[in-house]
1. Take each of the peptides 66-72, 34-40, average the number of other beta-carbon atoms within 10 Å over its residues, and list them starting from the highest.
2. Can you tell me the orientation of helix 42-78 relative to the chain, as the angle in degrees between its alpha-carbon axis and the longest Cα principal axis, to the nearest 10?
3. At 0.36 nm per residue, minus the direct Cα-Cα distance, what do Asn10 and Val46 gain on full extension? Give it in nm, one decimal, please.
4. How much net charge surrounds Val18 when only other residues with a Cβ under 11 Å from its Cβ are counted (Lys, Arg +1; Asp, Glu -1)?
5. Label-point separation (nm) for Thr3 and Leu35, each offset 7 Å from Cα along Cα-to-Cβ?
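Where a number appears in this text, it was derived from the coordinates with a stated rule and is not lab data. Just so it is clear, the model here is predicted, and its values are computed rather than measured. Neighbour counts run over all protein chains shown; Cβ positions are idealised from the backbone, glycine included.
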Amino acid sequence: MLTFFESPLNVLHLSSKVLVAGLIMLLAGIYGAYLYNGHMPIALRVAMHALTILGPTLIKIGYVMRLLAQYRIRGLQMIPQTA
């Protein structure tokens, strides 16, 4: 598992998936917590409100992962190759 994170391209692809998952969670949470007017059990309503917190958290984590992966990719390109 740790070798997966050694490759910046793997981290870059994973960050894209984390960003999309965070966005979906945020949008579902906003719809369920604030826009849906039908009857909903209290536990589900609490879960929808929790998604409005967890979604942006995943977006931030995915964004930092993307920045770190891009930094590592750029750093690998600047290292001169010795034969």
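1. Values: 66-72: 15.0, 34-40: 9.0.
By packing density, highest mean first, the sequence is 66-72, 34-40.
2. 10
3. Numbers: separation 36, 0.36 × 36 = 12.96 nm, distance 3.42 nm.
Stretched out fully, the Asn10 to Val46 stretch lengthens by 9.5 nm.
4. Values: positive: Lys17, Lys60, Arg66; negative: none.
Once positives and negatives cancel, what remains is +3.
5. That separation, rounded to one decimal, is 4.4 nm.
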